[in-house]
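Following: one structure in structure tokens, then a few remarks.
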Amino acid sequence: SEANSTEHWTAKARRRRVQKNAVKLFVPAMPLKDHKAIVTLTRLSPRQCDGDNLQCALKGLRDEISDRLVPGLAPGRADSDPRITWIYDQQRSKTYAVGIKIQVS
């Protein structure tokens, strides 16, 4: 859980950089223009998070995905775009991973 984390800031920055690069590799740039999107982020891990820690743990991914959907804004600003609806979920898994589902209408 990231909100209650006591890790060093460099470890957090390294993890966020890896997540950002992974999103760039696997999520194509698809500007929304006149469309809306529902983005579901599913955290897979051995232990469950509570709601605020879940959202905090996925914040870096949310920022990067929203930048792919709404380009041209300052980093971290596009996730508040009203055309994007964010849904958070989690599932138990032996390994850590994140599922990303983007529905554009």
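The values are calculated or read from the model by the stated rules, or taken from the named source; none is laboratory data. For clarity, every value in this text was computed on a predicted model and none was experimentally measured. Cβ coordinates were reconstructed from backbone atoms using ideal geometry, including for glycine residues, and neighbour counts include every protein chain displayed. Ligands, DNA and RNA are stripped out before the accessible areas are found, and what is left, the full protein with its side chains, is counted by its heavy atoms. Shrake-Rupley method; radii C 1.70, N 1.55, O 1.52, S 1.80 Å.
Things worth noting here:
- The set of residues from the stretch 69-101 being more than 21 Å from residue 51 (Cβ to Cβ) and either without any contact (Cβ under 8 Å) to a residue 40 or more places away in the chain or under 13 Å from the mean Cα position of the chain (by Cα) (or both) comprises 69, 70, 72, 73, 74, 75, 77, 78, 82.
- Residues satisfying the stated conditions in the stretch 68-86, i.e. within 22 Å of residue 21 (Cα to Cα) and either open to solvent by 70 Å² or more (accessible area, probe 1.4 Å) or among the basic types (Lys, Arg) (or both): 68, 71, 72, 73, 75, 77, 80
- Considering residues of the stretch 1-54 that are open to solvent by 90 Å² or more (accessible area, probe 1.4 Å) and of a type in the set (A, V, I, L, M) only, the residue farthest from residue 102 (Cα to Cα): 18
- Residues that are under 19 Å from residue 31 (Cα atoms) and open to solvent by 50 Å² or more (accessible area, probe 1.4 Å) within the stretch 87-105 comprise 100, 101, 103, 104, 105, listed in sequence order.
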